[in-house]
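Colleague: Next up is a structure, given as structure tokens.
What follows is calculated from the coordinates using simple rules that are stated; it is not laboratory data. Predicted, not measured: the structure shown is a model, and the values here were computed from it. When we count neighbours, we look across all protein chains shown, and the Cβ atoms used for this are built from the backbone with ideal geometry, even at glycine.
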Amino acid sequence: MSPPERPPADTGSAGDWFARPGGAAAGPGGAGPGAGAPGGPGGGALDLLVIGDCNPDVMVVGRDVTPAFGQHEKLVDGISLEVGGSASITAVAAARLGLRVALAAAVGDDPAGRFMLGQLAAEGVDASSVAVRRDAPTGMTVALSAGGDRAILTATGAMATLTARDVPSALLVRARHVHVSSYFLMAGSLGPGLAALLDVARAGGASTSLDTNWDPAQRWADPRLTEALKHVSLLLPNEAEAMRLAAALDLDQAVATLTAAGPVLVVKLGKRGALCVDGPRRYLAEPPRVTVADATGAGDCFNAGVIAGLLDGLVLPAAVALGCAVGAASTRAPGGTAGCPDLPTARELARGVTVREVTPAPKSPPRGGRAGTQ
């Protein structure tokens, strides 16, 4: 089925997905992104607060971008400086969709940091709460992109200094939704206070989401993350991340483990789309066909689309369909944000998304009488 712009009657209400404390729905009941009266805890003065990484991406694009050591020089199709960092890309994508967005992150007092602050301001993202460190450089990423696949080299710099104390409490209580990106890049600094930070957000009426992204240290198990997940409404890993977070051998096992931890779960499956879990039901959203130029940031843009859909009152499968449309659109241009669509474009593209139920059939009881009898 193709998802409508509003939830069909037989799939439940938006409140089923993002219930606020006390049972009020987190979405505005279809009023649209950015709607609602300003002021008050979670009252709509700020739609989305994104917490995480903020750094430029040096994009290297071409058919063969694998470096040849031994002082060999290669020619590539293009090299550019782009908005990078999962949190920053999600913030920009959400602003393009019409949400009122603020970013909490850390950059250095250097040209790279000023580049990021300028780009965020130009996109309408409130970056006034981005901490500027005088004793650490802005993080940087080099992304080697061969179209549908890429390799990533990152120096964390100032991004790894972000702490919960850097996130203004005034933003937490104003935001309708709080999203955290790239946990593992900031686990040492943000991890100790993240659970308490998310608890404050939930108590103030906000829904919350988390995309851990990849763990470069390959540890994955983290008691601080386990504690933070108790305060997360929506978990947004990709397939490989979901399996490692759950210490699972396959996706089915990962889904069972992660949903048992509490959050609503959406798993990104790359070009296959996304799997979302609605209680006992599972839905697969298959993305529209697009010509892929570069997949950098597609998952981060997907996150923005899902969040925007939920805040607009869509049920989870329909919000995931919107996320697939935003993520697919972002792949049509190099870099994480160049292809991010506005909301009308995303809604039109979402018409090409197919959503179908893929709930596993219940296991049949064994035949042949009671166990142990003849």
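Colleague: If you put +1 on each Lys and Arg Cβ and -1 on each Asp and Glu Cβ, how big is the dipole of segment 221-276 around its Cα centre, in Debye rounded to 20?
Modeller: That gives a dipole near 160 debye.
Colleague: Would you list H231, H179, H72 from fewest to most Cβ contacts within 10 Å?
Modeller: Final ranking by Cβ density, sparse to dense: H72, H231, H179.
Colleague: Which value results for Rg/Rh of segment 296-337 when Rg is the Cα radius of gyration and Rh the Kirkwood radius based on the inverse mean 1/r?
Modeller: Using Cα coordinates only, the ratio equals 1.01.
Colleague: Hey, can you grab everything whose amide H is under 5 Å from the amide H of A104? Only 5+ residues off in sequence or another chain; H modelled, so Pro and N-termini drop out.
Modeller: Result for A104 returns V50, I51, G52.
Colleague: Among 112-120, 128-136, how do they line up from the highest to the lowest mean number of other beta-carbon atoms within 10 Å?
Modeller: Descending packing order for the listed peptides: 112-120, 128-136.
Colleague: Follow-up. Using DSSP to call loops (not H, G, I, E or B), can you name the GluC sites (Glu not before Pro) in segment 219-321 whose Cβ has at most 14 other Cβ atoms within 10 angstrom?
Modeller: none
Colleague: So who's got an amide H within less than 5 Å of the one on V167, skipping anything under 5 residues away but keeping other chains? H placed 1.01 Å off N, in plane.
Modeller: none
Colleague: Provide the per-residue ³J(HN,Hα) series for segment 115-131, in order, calculated from phi with Karplus coefficients 6.51, -1.76, 1.60 and θ = phi - 60°, each as a whole number of Hz, with x at glycine and proline positions.
Modeller: Computed from phi, the couplings for segment 115-131 are 4, 5, 4, x, 5, 5, 4, 5, 8, x, 8, 6, 10, 5, 9, 6, 6 Hz.
Colleague: For the pair A203 and K271, how long in nm is the line joining their label points, each one 7 Å along Cα→Cβ?
Modeller: Placing both labels 7 Å along Cα→Cβ, they lie 4.8 nm apart.
Colleague: Treating cross-link reach as a plain straight distance, find the aspartates and glutamates whose alpha-carbon is under 18 Å from the alpha-carbon of K74, omitting any fewer than eight places away in the same chain.
Modeller: K74 reaches D64.
Colleague: How large is ³J(HN,Hα), in whole Hz, for each residue of segment 232-249 in order, when computed from phi with the Karplus curve 6.51 cos²θ - 1.76 cosθ + 1.60 and θ = phi - 60°, using x for Gly and Pro?
Modeller: 9, 7, 9, 9, 10, x, 8, 4, 5, 5, 4, 5, 6, 4, 8, 6, 10, 8
Colleague: Let me ask another. Which ³J(HN,Hα) values, rounded to whole Hz and listed in residue order, are derived for segment 201-207 from phi using the Karplus coefficients 6.51, -1.76 and 1.60 in 6.51 cos²θ - 1.76 cosθ + 1.60 with θ = phi - 60°, glycine and proline given as x?
Modeller: Result, ordered by residue: 4, 5, 5, x, x, 8, 8 Hz.
Colleague: Pick out, in residue order, every one of the GluC sites (Glu not before Pro) in segment 51-154 that is DSSP loop and has at most 11 other C-beta atoms within 10 Å; say none if there are none.
Modeller: Sparse-neighbourhood loop GluC sites (Glu not before Pro): E73.
Colleague: Where the centroid of each part is defined by its Cα atoms, how far is segment 65-113 from segment 230-303 in Å?
Modeller: After rounding, the separation between the Cα centres reads 23 Å.
Colleague: Starting from segment 209-260, pick out the trypsin sites (Lys or Arg not before Pro) whose DSSP state is loop and whose Cβ has at most 15 other Cβ atoms within 10 Å.
Modeller: Those that pass, being in a loop and sparsely packed, are R219, K230.
Colleague: Show me the ranking of peptides 249-258, 262-271, 305-314 by mean Cβ neighbours inside 10 Å, starting with the highest. Present the calculation step by step, with values, prior to reporting the outcome.
Modeller: Details: 249-258: 15.4, 262-271: 20.0, 305-314: 29.3.
Highest mean packing first, the order is 305-314, 262-271, 249-258.
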